[in-house]
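The values are calculated or read from the model by the stated rules, or taken from the named source; none is laboratory data. Note that the structure is a prediction, hence the values are computed from the model and not measured. Every residue, glycine among them, receives a Cβ derived from its backbone with ideal geometry; neighbour counts consider all protein chains shown. Each accessible area value is taken on the protein alone, full model and side chains, heavy atoms only, with ligands, DNA and RNA left out. Shrake-Rupley method; radii C 1.70, N 1.55, O 1.52, S 1.80 Å.
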Amino acid sequence: MTAAATVPGIGRPRLGKALPGTVWALLLLTPAFVSLASVSFYPIVNGLYLSLTNTSLITQENEFSGFSNYVQLWGDAQFWNAWWHTMWFTFASTVLETVIGLGMALILCEAFKGRGLVRAAMLVPWAMPTVVTSKMFGWLFDGQNGIINYILLHAGLIDQNVNWYGSPDTAMTTIIIADVWKTTPFMALLLLTGLQTVPNSLIEAARMDGAKGWITFWYIRLPLLMPTLLIAGLFRALDAFRVFDLVYVLTGGGPADSTETLSTLSYKVLFSTLQFGYGSAVSTAMFVTEGIIALAFCLYLIRQIRRAQ
Amino acid sequence: MKDTRSPLQTIAIYLGALLILIWSGGPFIWQFSISFQLDKALTSGSPSLIPDPFTLEHYYNAFIEKELHRYVWNSLVVSLATTFLCLFVGSLAAFALSRLNVKGRFGILMVILSVSMFPQIALVGPLYLVATNLGLLDTYTALIITYLALGLPLVTWVLFGYFETLPREIDEAARMDGVSVPGLLWHIILPMSLPSLVTTGLLAFITAWNEFLFALAFTSNIDRQTIPVGIANFTNQYYVPWGDIAAASAVVTVPLIVLVLFFQRHIIEGLTQGGIKE
């Protein structure tokens, strides 16, 4: 091995005698490309086309109809209702998960007994199927016999049982709570790795100079963690924007459409009314909104990084 | 660092840690406990964590009446097939991107990763039409093909990150010995990557095991429906059978949690090296 390393080039002619490296690379990448192209790219393009037709599985029509679906969409109160719910859900859950996750990460950064156990337990909500989480919260927040009502009632925080996801006023909040429960610990673990890359010597030096805990956090840890925080936040926001399982299983979009999100709305248009043309317009509009969110985030991120330099 | 902590801070940290522990484990322990309680106890108005009297009634209902084992079997078939396909296709791609001369490999990686952020609801309609035309509705094949593409970005990304940590000298040495490109992957890189393969395999498995939207759209009867669809449809005519749901939840979640806890160190490392790299 060492002999070979000192005489570079000797093995060269042998390598890939039959096929050059580039051909091999193409060959090995092909299955992945085929898979992603057919299951991810094709449907997006096809959905774009469908959204310009009046395709319906009931009437069996599929004629080109220009932008009529989008015109209809623009005036569709249900769509805008779902759009605002989705934006609110995305905003609230991302902010809560990032802030609480940061708090958890700061605690885990410290050395204490049983840290491994806590870190392991934090994977439980993440690993659990979302449908199970949804059903679990259905029972925890049950309007009559839920343990949350029981605890709040006995702690004197509420006077009577709250009909959490059964009432339009509190249903969305319940869903946000369920999402925050499921995703925050994982967020914390991501942020923890970011925190651990902040050199300890910096914090020690600040402490020597008499800086208090929260000052070292605000002026050293937080700025250094910012890129991690923004990227993790971006991924979380894009994921939250697609929320489906939680809503579909817990409330099905109700009561009175108060938890309808873009995903549940398009699912209903697609598979209950079988209007694939209009349903595709809803999901395309959703794709565009998501793209704008991602773009805005990236621009902000780039500006932050530029300013830091 | 420990010396600089005041007793108050220490108390705050332990309190915080306890809260995180209750947050993460509490709801599931509660769910697990009610799966052993009688319906009467659940609605008695005085909830208790210890099942009294202890009952297996809900497990009986879940398996005998609701035929939970059939959903479990479907999920196992689909998830295991997805896992192996993902590892196969993903390791080929990650190997090519990490070890072979590919132009713009970071660009390719970014594209692969951004695919995983597509809203799945935008994919399900067109894919449903394709599946209908090919006669793939109510088949394992449709689910496996879809889940392969869903799991692939993360698997490729994490495996790529791991392959990058393996020293390049190995490749050189192998080439000197006349090892071909596939030989390098199969006989040298993959055996060295076993821990990472286990972790990424687990990630792909969890993705498939937990997936709901496509399973809901593509399958319509118990012959092919997976666990999430099964549990979502767990309702009785007049009331929600919370105990039965809790039992089914425990059955499908406990093995997953045991696996995750067993591999937790690798999972956290694998995900974070892929997710956020300074």
Can you confirm whether A:G291 is part of a helix (DSSP H, G or I) and either within 30 Å of A:Y219 (Cβ to Cβ) or without any contact (Cβ under 8 Å) to a residue 40 or more places away in the chain (or both)? yes
Determine whether segment B:147-157 contains at least one residue that is more than 10 Å from chain A (Cβ to nearest Cβ), under 20 Å from the mean Cα position of the chain (by Cα) and more than 17 Å from A:V34 (Cβ to Cβ). yes
Restricting attention to segment B:99-111, the residues that are within 7 Å of another protein chain (Cβ to nearest Cβ) and either in a helix (DSSP H, G or I) or crowded, with 16+ Cβ neighbours inside 10 Å (or both) number exactly 2
Please count how many residues of segment B:27-79 are among the polar types (S, T, N, Q) and open to solvent by 40 Å² or more (accessible area, probe 1.4 Å). 4
Can we say A:A281 is assigned by TED's automatic domain parsing to the domain that holds A:F137 and within 29 Å of A:I302 (Cβ to Cβ)? no
Against the definition (in contact (Cβ under 8 Å) with a residue 12 or more places away in the chain, more than 24 Å from A:L262 (Cα to Cα) and under 20 Å from the mean Cα position of the chain (by Cα)), how does A:G143 come out, yes or no? no
Which one is nearest to B:T156 (Cα to Cα), of the residues in segment B:258-270 that are in contact (Cβ under 8 Å) with a residue 60 or more places away in the chain and open to solvent by less than 20 Å² (accessible area, probe 1.4 Å)? B:G270
Checking A:L108, A:L117 in turn, the sole residue that is within 12 Å of another protein chain (Cβ to nearest Cβ), more than 30 Å from B:A93 (Cα to Cα) and open to solvent by 10 Å² or more (accessible area, probe 1.4 Å) turns out to be A:L117
Residues of segment A:120-156 that turn out to be outside any helix (DSSP H, G or I) and facing chain B (nearest Cβ under 7 Å), as a count: 4
Tell me the residue from A:F244, A:F235 that is in the same structural domain as A:V124 (by TED's automatic domain parsing) and touching a helix residue (DSSP H, G or I) at 6+ places or on another chain (Cβ under 6 Å), please. A:F244
All helices (runs of 4 or more DSSP H) inside segment A:174-260 with 2 or more residues being in contact (Cβ under 8 Å) with a residue 40 or more places away in the chain and open to solvent by less than 30 Å² (accessible area, probe 1.4 Å): A:222-241, A:245-250
Complete set of residues in segment B:195-252 that are among the small types (G, A, S), within 10 Å of chain A (Cβ to nearest Cβ) and open to solvent by 10 Å² or more (accessible area, probe 1.4 Å): B:A217, B:A232
Subset of segment A:28-68 [under 28 Å from the mean Cα position of the chain (by Cα), farther than 30 Å from B:S180 by Cα and not small (G, A, S)]: A:V39, A:F41, A:Y42, A:P43, A:I44, A:V45, A:N46, A:L48, A:Y49, A:L50
